[in-house]
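So the structure is just underneath, and the comments pick up after that.
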């Protein structure tokens with residue numbers, strides 16, 4: 001029997017064949033997608049962020065992210081309601097594409113995380129992926145400075161001149177970058193300075209996360225003389241990029257700008273400069289350095305003014321605050337706060353990687369839970385309140401200042417990067433009569449923040465790392481301050497474009513002027 005042409009076949013045969021073709025096409029597309037997914041993951045498993053993730057796997061990780069935040073975070077709904085946050089979670093899951101790259105997933109999750117407005121709640125690429133990416137020469141190489149929402153090169157040793165104003169990078173207009181990149185940052189509340197300084201200090205990373213990696217960058221810029229030019233520059237490895245950004249100041253005429261901690265003197269002004277770029281340091285250093293400037297026989301210091309530079313300090317060991325306060329304020333630090341947790345238990349421990357940097361072994365998890373039950377046992381509507389108000393009682397390093405407290409003029413330099421324990425120190429010192437704050441609003445909350453007991457989770461499908469703080473603190477001894485803002489300086493001083501070109505450290509030089517003009521100069 002000869003085969004009938006398709007157009008002469010019965011309708012049911014045509015219908016059946018059409019359905020069969022559709023099924024075959026669907027099956028083929030499913031197979032093709034699965035095959036490409038497997039091949040892509042094999043090819044790029046080690047060092048490429050373009051690995052593909054299915055919608056179901058992405059939705060599962062986003063849902064788990066919400067559960068962790070909802071159950072474990074100390075105060076996730078301080079600046080957004082639970083219903084609003086849940087709605088954002090649902091909307092994000094609904095709008096997921098059928099496949100998404102790992103990097104784009106991290107962008108989505110970072111945008112969600114930004115809505116909590118907690119600087120200690122951090123989303124980041126998994127360690128192995130980030131390490132592999134950092135080994136590639138694909139990051140924008142030069143540090144930048146943001147002045148009045150314009151981006152300028154803050155670097156002398158590259159192919160772009162110091163002070164060059166960036167117009168576009170690989171066709172991406174710089175004018176819109178602050179809004180887009182700010183969504184990937186974290187901050188306590190509504191600090192206006194921390195997102196800006198975060199973008200500055202990690203511009204290469206944020207650009208990479210948002211716009212992708214590149215071996216070369218086509219940069220359109222305006223020179224300080226006003227000439228519009230285009231230059232192609234090569235990318236560099238991630239670690240070099242971060243190092244360039246961290247040791248950024250081009251005005252670094254002193255070691256204080258590129259050491260974690262430093263002590264130096266300006267003899268002509270009888271001024272000691274204590275630069276604390278981190279609190280992740282051995283506290284013995286502080287004791288020895290400061291003690292070396294004190295005469296035990298006369299009970300006098302060999303300086304009359306003290307500058308404490310906290311502008312690059314993002315915190316660390318809070319116990320150091322005790323010793324520093326003894327040195328400047330005399331006596332033990334009293335900084336009471338009301339503290340709360342949402343649960344006495346360590347939730348979703350199956351996904352837990354570490355607690356306060358220690359691997360989440362059974363003992364570590366049990367000890368953390370015991371700690372919460374011991375210190376937070378007053379049941380309240382939304383969790384448990386702590387019984388201890390002055391947490392610094394527990395932060396005794398065994399190092400104490402036995403000499404006379406320094407009673408000269410103290411100047412504290414702050415910026416948007418002054419965060420966590422460093423923001424605490426600026427806030428505490430700001431209430432003292434002999435202390436003047438110079439610089440910018442701090443990045444850490446003035447009235448309260450969620451910070452202590454940091455839990456690190458790994459989401460199962462993407463291995464995205466999530467840091468979640470457990471304990472919320474509401475500071476008691478604080479001056480009036482706008483809700484959700486940082487500590488404000490007595491003198492607002494930011495770098496101008498002219499200062500950038502002249503390599504001038506605006507806040508520091510302003511402080512030296514204050515000292516030289518002070519009526520009390522030379523009276524101690």
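Tabulated data for the structure shown
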{"quantity": "So residue 168, is it without any contact (Cβ under 8 Å) to a residue 40 or more places away in the chain and surrounded by fewer than 22 Cβ atoms within 10 Å (Cβ to Cβ)", "calculated": "no"}
{"quantity": "Members of region 439-456 found to be closer than 12 Å to residue 121 by Cβ and either out of contact with any strand residue (DSSP E or B) (no Cβ under 6 Å at 6 or more places or on another chain) or surrounded by 24 or more Cβ atoms within 10 Å (Cβ to Cβ) (or both), listed by number", "calculated": "449, 450, 451, 455"}
{"quantity": "Checking residue 85 against (1) surrounded by fewer than 22 Cβ atoms within 10 Å (Cβ to Cβ); (2) assigned to a helix (DSSP H, G or I); (3) touching a residue at least 60 places away in the same chain (Cβ under 8 Å), the condition it does not meet", "calculated": "(3)"}
{"quantity": "Candidate set: region 133-142, residues that are in contact with a strand residue (DSSP E or B) (Cβ under 8 Å, 6 or more places away or on another chain) and part of a loop (DSSP other than H, G, I, E, B); chosen: the one modelled with the lowest pLDDT", "calculated": "137"}
{"quantity": "Criterion (over 26 Å from the mean Cα position of the chain (by Cα), at pLDDT 95 or above, outside any strand (DSSP E or B) and surrounded by fewer than 18 Cβ atoms within 10 Å (Cβ to Cβ)) met by exactly one of 523, 498", "calculated": "498"}
{"quantity": "Selection count, region 354-393, where residues are loosely packed, with under 11 Cβ neighbours inside 10 Å, closer than 25 Å to residue 463 by Cβ and out of contact with any strand residue (DSSP E or B) (no Cβ under 9 Å at 6 or more places or on another chain)", "calculated": "2"}
{"quantity": "Qualifying residue in region 461-475 (condition: touching a residue at least 24 places away in the same chain (Cβ under 8 Å), crowded, with 18+ Cβ neighbours inside 10 Å and more than 30 Å from residue 317 (Cβ to Cβ))", "calculated": "yes"}
{"quantity": "Selection from region 122-165 of residues that are more than 25 Å from residue 183 (Cβ to Cβ) and without any contact (Cβ under 8 Å) to a residue 40 or more places away in the chain", "calculated": "157"}
{"quantity": "Residue tally, condition closer than 17 Å to residue 412 by Cα and touching a strand residue (DSSP E or B) at 6+ places or on another chain (Cβ under 9 Å), over region 308-326", "calculated": "11"}
{"quantity": "The listed residue being out of contact with any helix residue (DSSP H, G or I) (no Cβ under 6 Å at 6 or more places or on another chain), over 21 Å from residue 460 (Cβ atoms) and crowded, with 21+ Cβ neighbours inside 10 Å, out of 80, 153", "calculated": "153"}
{"quantity": "Evaluation of residue 473 against (1) in a loop (DSSP other than H, G, I, E, B); (2) outside the structural domain of residue 420 (by TED's automatic domain parsing) (one fails), failing number", "calculated": "(1)"}
{"quantity": "Extreme residue, surrounded by the fewest Cβ atoms within 10 Å (Cβ to Cβ), among residues of region 101-132 that are modelled with pLDDT of 95 or more and closer than 19 Å to residue 356 by Cα", "calculated": "122"}
{"quantity": "Any hit, region 171-178, residues being under 16 Å from the mean Cα position of the chain (by Cα) and not assigned by TED's automatic domain parsing to the domain that holds residue 415", "calculated": "yes"}
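Residues are listed down the side, and each one gets a yes or a no for (1) within 26 Å of the chain's Cα centre (by Cα); (2) modelled with pLDDT of 90 or more; (3) loosely packed, with under 15 Cβ neighbours inside 10 Å:
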site: 338; (1), (2), (3): yes, yes, yes
site: 351; (1), (2), (3): yes, yes, no
site: 406; (1), (2), (3): no, yes, no
site: 417; (1), (2), (3): yes, yes, no
site: 424; (1), (2), (3): yes, yes, no
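Here is a yes/no grid of residues against (1) in a helix (DSSP H, G or I); (2) within 30 Å of residue 442 (Cβ to Cβ); (3) modelled with pLDDT under 90; (4) in contact with a strand residue (DSSP E or B) (Cβ under 6 Å, 6 or more places away or on another chain):
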{"position": "151", "(1), (2), (3), (4)": "no, yes, no, yes"}
{"position": "176", "(1), (2), (3), (4)": "yes, yes, yes, no"}
{"position": "180", "(1), (2), (3), (4)": "yes, yes, no, no"}
{"position": "191", "(1), (2), (3), (4)": "no, yes, no, yes"}
{"position": "196", "(1), (2), (3), (4)": "yes, yes, no, yes"}
{"position": "206", "(1), (2), (3), (4)": "yes, yes, no, no"}
{"position": "210", "(1), (2), (3), (4)": "yes, yes, no, no"}
{"position": "218", "(1), (2), (3), (4)": "no, no, no, yes"}
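The values are calculated or read from the model by the stated rules, or taken from the named source; none is laboratory data. Keep in mind that what you see is a predicted model, and the values were worked out from it rather than measured. All Cβ positions, glycine included, derive from the backbone under ideal geometry; neighbour counts span all protein chains shown.
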